[in-house]
Amino acid sequence: MWNNIKKYLEQYPERLSVARILVENGLSVKKNKIYLNQIEIPPIRIARVAKVDRRTVTQTLKMIYSNRKLRLIFEEIRPAGHSLRRIAKHLELGVVEITSSDASKSGILAKAAMILTKNNLSIRQAIVDDPELSPAPKLTIIVERKIPGNLIPELLKISGVAKLALY
């Protein structure tokens, strides 16, 4: 997705920065306005985060709205929903964060899920960073309780896993 957006905006680095903020936050664009679900977000707020002038945000919105392919992407984009990633330890949940040696490698999530469920750990959430947006994408799996350390070697044996962290 990001490569599709980038090809239309790469000649305008500041507009590309605005588009990145919109995508990373799941903000949609409808009729030259920015929304977080049904809540309208003023362009000045995006400008501050993107470190650009408000007019740059307005120009980006106009460009998105005038380009059919960009409009179709940005009209339908939504936030991924609530993530337990940052509050898991306060809820006494277990977290395994897996960094891949090759983000295009298939089966990492499936194999990790199998190992966890085989050890009676119910998965509450799985969050995968988009490799086009993140320079070091991670797979984060949150389970119902702390993950036993003896699962580390088994998880590290999964093809494509470079490193992992439990917390």
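Among the residues of the range 26-43, just one is assigned to a loop (DSSP other than H, G, I, E, B) and of a type in the set (A, V, I, L, M), namely Leu27. Looking only at residues of the range 124-151 that are surrounded by 14 or more Cβ atoms within 10 Å (Cβ to Cβ) and without any contact (Cβ under 8 Å) to a residue 24 or more places away in the chain, we find that the one that is nearest to Glu92 (Cα to Cα) is Ala126. Among the residues examined, Ser101 qualifies as of a type in the set (Ser, Thr, Tyr), closer than 27 Å to Ile5 by Cβ and touching a Gly at 6+ places or on another chain (Cβ under 7 Å).
Is it the case, given these coordinates, that Ser100 is in contact with a strand residue (DSSP E or B) (Cβ under 9 Å, 6 or more places away or on another chain), buried (at least 16 other Cβ atoms within 10 Å of the Cβ) and at pLDDT below 95? Criteria met by Ser100.
Here's the yes/no breakdown for (1) touching a Ser or Thr at 6+ places or on another chain (Cβ under 6 Å); (2) touching a residue at least 12 places away in the same chain (Cβ under 8 Å); (3) within 23 Å of Glu132 (Cα to Cα):
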{"residue": "Asn25", "(1), (2), (3)": "no, yes, yes"}
{"residue": "Lys33", "(1), (2), (3)": "no, yes, no"}
{"residue": "Glu40", "(1), (2), (3)": "no, no, no"}
{"residue": "Arg45", "(1), (2), (3)": "no, no, no"}
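The values are calculated or read from the model by the stated rules, or taken from the named source; none is laboratory data. Because the structure is a prediction, the values reported are computed rather than measured. Because the Cβ atoms are built from the backbone with ideal geometry, glycine has one as well, and the counts that use them run over all protein chains shown.
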